[in-house]
Amino acid sequence: MTIAPELSGRVLTELAGAIGGEHVLTSKTARYNRARVPAPFPVHRWPERVPDLVVLPGSTEEVAEVVRIANAHRIPIVPRDGGTGLTDGAVPERRGIVVDVKRLNQIKEIDLENRTCTVGTGINALKLNEVLAKHGLIYPDDPASYPCSLVGGRIGTSGWSLVGSRYGHSRDLVLSFDFVLPTGKVIHLGDGGGRKVSKSSSGYQLKHLFMGHQGTLGIATEATLKLFPKPEAELSPFWSFPDYDSAYRCVGQLARAGVATFAGAVLFDEWKVDYLRRDDEAYIPQPADVRALVCAVAYGNEDEVRAGGKRLLRIARDAGARYLGDEISQGDWAARHDRYATPLHGRTRSGQVAPMSWHCEDAAINYTELAGVRVEWHAIVERLRARFDVFDDWGMFFYTSANTGVDYLTEIDIGIWEQELDDEAWAAWVDAKREIAAVALRAGGSISACHGSCREGEVDLVPLELGGGYDVMLDVKRAVDPNNIMNPGKYGLQRAYEQGVRA
Ligand SMILES: Cc1cc2nc3c(=O)[nH]c(=O)nc-3n(C[C@H](O)[C@H](O)[C@H](O)COP(=O)(O)OP(=O)(O)OC[C@H]3O[C@@H](n4cnc5c(N)ncnc54)[C@H](O)[C@@H]3O)c2cc1C
């Protein structure tokens, strides 16, 4: 696949002049490598997603210059950090330029007194925490993709941290950031005008508007982050249950217990336990009477964690849990970052192993609705499996979003044998995603708690979820990005430029 002719001459020269020719990549490898994310997709349609160019700017000014050039020529731009986003946000829908921000990976300041640091958005939390550890500090944004997702991508998705009940999620942990608008103008976003202020009542709360937009409003280049003391102690007890219902009751009680060091709790249903049981590397005991699992996590000072932990253990015991022992508890929680690193263990209906990739559909669901959503989601995947032997149900998990226990990241993991997909199977999959999203909305939830909802299928229901708020989204998009250059096609926002959209 070649570069669009209109991009190969003058634009290349302008970009090379702005950021250096060596940072403008045109090779097939550089472009194909940035045409997908880890979520399965129809490989027979891969060429539709390949960008024309990849650029690697080295500073906010260079990002701004690239964006100015693209805006002047009306060329689509897609920001990309780690490329781990699972809703295709960093995948071009209309070719154009991928702005890969990985060179913006410096630590600019560590402020030990105010407990903040300022970093380029191309850095990730793992690398950052290696440096912060020397100061006894931590940046606790902890997704399962911790080693490979980067700060800019966390801003672009407004990501979910597995220890968010204790420390908050990306939106709480990012204090402020420098942001290149689609016109090339650079602004600073945060509470008030400050870099390190965490609560202000001055003006609109724009920081949140410019998080989670999946690269449709601009590019974050430098961020100031909240830091915490590196926890002295971690407790992560794992318990088994004979059925989903008792595990469900237990997880609710743990989340609502008011234990200050409580950082999160996760519940695995019986489908997930079956999936983990069948693979040799899963670090979970195999007895058949184990039908559901719960893990709670506490972080903090040694004495506080010990006291809070006693209470969590008592609650679980009273709820009928069987503690699985220290080795498994520590081992499995430690594996939270690599549980999905080795999928490829799909099963066809006959039980044959097939090389499947991992897809997850997630939603934000209230505690009281979890059981009903679980039944409906598994039924949708079952119907899909009955029609096409390229899908596998890898089970569900439920993750508290806060220590009030009000709502849960609810996720169903699905294996997809993507090499075997054809247009018909892909269309059925997209329909299934739409059905899954519709269940979440009927339950009073949100289509996504974690990854965003701009992928084929679920994206169709976003206007339904947001109602009048979606019209405001269209207005904002048109006002901020008058030429629709920033990640065009995502979130259905092309509608903002169509005739008949409200003025
Ligand atoms: C194994 C695995 C486990 C995961 N677990 C979690 C989890 O626990 N919690 C969670 O939240 N997510 C999880 N994810 C999803 C993914 O890691 C997150 O969505 C993450 O925030 C994406 O970061 P990234 O750096 O890879 O961003 P990318 O994938 O590069 O980009 C994501 C989106 O942000 C936009 N973007 C990228 N950089 C910028 C920027 N500088 N400015 C503005 N917009 C930008 C992109 O255009 C895109 O729309 C997981 C993914 C994998 C593969």
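What the table below lists for this structure:
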quantity: Residue check, Gly457 surrounded by 21 or more Cβ atoms within 10 Å (Cβ to Cβ) and either more than 16 Å from the ligand (Cβ to nearest atom) or of a type in the set (Ser, Thr, Tyr) (or both); calculated: no
quantity: Wholly enclosed strands (runs of 3 or more DSSP E) of the stretch 61-167 bearing at least 2 residues within 14 Å of the ligand (Cβ to nearest atom), open to solvent by less than 10 Å² (accessible area, probe 1.4 Å) and touching a Lys or Arg at 6+ places or on another chain (Cβ under 6 Å); calculated: 97-100
quantity: Residue ranges of helices (runs of 4 or more DSSP H) in the stretch 205-307 with at least 1 members of a type in the set (A, V, I, L, M) and buried (at least 22 other Cβ atoms within 10 Å of the Cβ); calculated: 244-255, 270-278
quantity: For Glu376: the one exception among (1) open to solvent by 20 Å² or more (accessible area, probe 1.4 Å); (2) assigned to a helix (DSSP H, G or I); (3) modelled with pLDDT under 95; (4) not hydrophobic (A, V, I, L, M, F, W, C); calculated: (3)
quantity: Val180 surrounded by 18 or more Cβ atoms within 10 Å (Cβ to Cβ), more than 24 Å from Ala90 (Cα to Cα) and within 13 Å of the ligand (Cβ to nearest atom); calculated: no
quantity: Among residues of the stretch 214-246, those that are more than 9 Å from the ligand (Cβ to nearest atom) and farther than 11 Å from Gly152 by Cα, counted; calculated: 23
quantity: Pick from the stretch 31-44, criterion away from the ligand (no atom under 13 Å from the Cβ) and either free of Cβ contacts under 8 Å to residues at least 24 places away in the same chain or under 17 Å from Ile75 (Cβ atoms) (or both), ranking: surrounded by the fewest Cβ atoms within 10 Å (Cβ to Cβ); calculated: Tyr32
quantity: Test for Ser201: is it within 19 Å of the chain's Cα centre (by Cα) and either part of a loop (DSSP other than H, G, I, E, B) or within 12 Å of the ligand (Cβ to nearest atom) (or both); calculated: no
quantity: Where a residue in the stretch 1-13 is open to solvent by 50 Å² or more (accessible area, probe 1.4 Å) and its partner, wherever it lies, is at pLDDT 75 or above and not in a helix (DSSP H, G or I), with Cβ under 7 Å and at least six apart; calculated: Met1/Val50
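The values are calculated or read from the model by the stated rules, or taken from the named source; none is laboratory data. Worth saying up front: this structure is predicted, and the values here are computed from it rather than measured. Cβ sites come from the backbone with ideal geometry, for glycine too, and all protein chains shown count toward neighbours. We work out accessible area using only protein heavy atoms, side chains counted, and drop any ligands, DNA or RNA first. Shrake-Rupley method; radii C 1.70, N 1.55, O 1.52, S 1.80 Å.
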